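Participant: Below you will find the structure I want to go over with you.
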Amino acid sequence: MKSSLCIVANNIHSGGGQVVLESFIMSELKNYKSITCHVNKNIKWNIELPENVKIINCKSDLFSRLKKEWEIYKSSKNFTDIYFLGNLPPIFKNKSHTYLYFHNKLLIDASMAKFSTKQQLGFYIQKLWLNCFLKNVNTVLVQSSLMKKDFSKKFPKKNVQIKAYLPFHDIENVKKTPPQKIKNSLIYVGSDLPHKNIKPLLKCISHLKSQGIEIYFHATLSPECQTLEPELLKCVDDFIHSKDRLELLTLIQNSEFLVFPSLNESFGLPLWEAKQLGTKVIAADLEYVHEIIEPDFVFDPLDTKDMERVIKRALQS
């Protein structure tokens, strides 16, 4: 067993990033005597933290991040390994083996979706950061073989080792309870970001319901979502944006279908979760989907009519 691990995750506080963070902690407990974790002060934990995990709360703004990285650099010799979560490498070359967990495909390719100027500027700055400081990393951890290939192609001259690593751990806790499938129920797990392709999906669900087709639609969206028209949100029967992870996994298990229209993913965790939990998957016919699962139904994510046709066929199957 190794001596100590330092995890730096001060820009993670919710969503898929938090799933990765909590999974890292629980997966690595068997490998290290102690874990020190620097996290966003606003995080609300979904797990019970073991005694040998020390939590240091910090802010996520740029100045606080730079200050934190300097502190970690000065103390880096005290750790066996250091993991940086959140896609960005450290700006200092630490004295222990340094890992970067990279899980944002949009920093490699964001071409299929339309992003605002502000979002595009954010991607540009993060890409510059990656190019400048990736040399400070010994190993890059990604979520799939496809991501490994794409990362290597994007950064071909960087002298780092790239490994696929999936630390997810809590599916078995849900599978202990027998599923109670709700007929004609669809669940969408994702955000309202442009690449998630949620607007066409909502239009499809609305149109199918207007035809008298029975659908019960759950979505991890907020009824006050500012990026989506209120008229579109009327097709959502159950807004589940505030559910904790185990509750969400139970909802996936009890749904008949998971529908996943995303244009771009580094992995697509809900797809993997749905298959593990016995839920049928209706998904975009894209490479990232076929790499990790065998979907039950696929559609062209850029063709709303095809999306609607396939969802209707799945419901009537």
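No lab work stands behind these numbers, since they all come straight from the coordinates. Bear in mind that the values here come from a model prediction, so they are computed numbers and not experimental data. Note: ideal-geometry Cβ built from the backbone for every residue, glycine included; neighbour counts use all protein chains shown.
Participant: So for V39, V160, fewest C-beta neighbours within 10 Å to most, what's the order?
Facilitator: Values: V39 23, V160 18.
With the fewest neighbours first, V39, V160 line up as V160, V39.
Participant: Give the residue list of trypsin sites (Lys or Arg not before Pro) in segment 220-313 that are DSSP loop and have at most 14 other beta-carbon atoms within 10 angstrom. Don't skip to the end; give the middle numbers.
Facilitator: Numbers: sites: K234, K243, R245, K275, K280, K305, R309, K312, R313; in loops: K234, K243.
Passing sites in segment 220-313 are K234.
Participant: Something else now. Treating the beta-carbon of each Lys and Arg as +1 and of each Asp and Glu as -1, no other charges, what is the dipole magnitude of segment 150-264 about its Cα centre, to the nearest 20 debye? Numbers along the way, then the final one.
Facilitator: Values: 16 positive and 13 negative charges, 146 e Å.
Dipole of segment 150-264, to the nearest 20 debye: 700 debye.
Participant: Which Cα, out of V310, F239, T250, lies furthest along the positive dipole direction of segment 214-317 (beta carbon charges, K/R +1, D/E -1)?
Facilitator: Sorting the options by dipole projection puts first T250.
Participant: Normalise the Cα radius of gyration of segment 96-216 by 2.2 N^0.38 Å (N = residues in it) and let me know the number.
Facilitator: Computed over Cα atoms of segment 96-216, the ratio equals 1.45.
Participant: To continue, here is another question. In percent, what relative contact order does segment 128-245 have, based on Cα pairs under 8 Å that are 6 or more apart in sequence? Before the final figure, lay out each step's value.
Facilitator: On the way: 109 pairs, mean separation 23.3, N = 118.
Dividing the mean separation by the residue count of segment 128-245 yields 20 percent.
Participant: Could you size up the charge dipole of the chain around its Cα centre, putting +1 on the beta carbon of Lys and Arg and -1 on that of Asp and Glu, and report it in debye to the nearest 20? All intermediate terms of the calculation are to be shown ahead of the outcome.
Facilitator: Details: 43 positive and 33 negative charges, 283 e Å.
It works out to roughly 1360 debye.
Participant: What is the Rg over Rh value, at two decimals, for segment 171-315, using alpha-carbon atoms and the Kirkwood definition of Rh? All intermediate terms of the calculation are to be shown ahead of the outcome.
Facilitator: Values: Rg = 14.0 Å, Rh = 15.1 Å.
Rounded to two decimals, Rg over Rh is 0.93.
Participant: Just rank V8, V289, fewest to most, by other beta-carbon atoms within 10 angstrom.
Facilitator: Values: V8 26, V289 20.
Exposure proxy ranking, most exposed first: V289, V8.
Participant: Still on this structure, please answer the following. Nearest 0.05, what FRET efficiency do H207 and H241 give at R0 = 22 Å with Cβ-Cβ as r? Walk me through the numbers on the way to the answer.
Facilitator: On the way: r = 24 Å, r/R0 = 1.07.
Here the calculated transfer efficiency is 0.40.
Participant: Which value at 222 nm does the chain reach when only helices count, each DSSP H run of 4 or more adding -39,500 (n - 2.57), with the total divided by all residues and rounded to the nearest 500 deg cm²/dmol?
Facilitator: Computed ellipticity for the chain at 222 nm equals -10500 deg cm²/dmol.
Participant: Once you have all Cα-Cα distances for segment 44-94, histogram them in 10 Å bins from zero and send the whole-percent values.
Facilitator: Cα pair-distance distribution for segment 44-94, in percent: 19, 51, 29, 2.
Participant: Quick one: which of 256-268, 85-97, 217-229, 60-72 comes out on top by average Cβ neighbours within 10 Å, and what's the full order, highest first?
Facilitator: Details: 256-268: 24.1, 85-97: 18.8, 217-229: 16.4, 60-72: 14.8.
For the peptides 256-268, 85-97, 217-229, 60-72, the packing ranking is 256-268, 85-97, 217-229, 60-72.
Participant: For K149 paired with K312, estimate the spin-label separation in nm (one decimal), with each label point 7 Å from Cα along the Cα-to-Cβ line.
Facilitator: About 3.5 nm separates the two model spin labels.
Participant: Let me ask another. log₁₀ I(q)/I(0) of segment 2-164 at q = 0.10, 0.20 Å⁻¹, via Debye over equal Cα point scatterers, no solvent, to two decimals?
Facilitator: -0.36, -1.49
Participant: Where the Cα atoms of segment 16-102 are projected onto their three principal axes, how long is each span, largest first, in whole Å?
Facilitator: Sorted largest first, the three principal extents are 31, 27, 23 Å.
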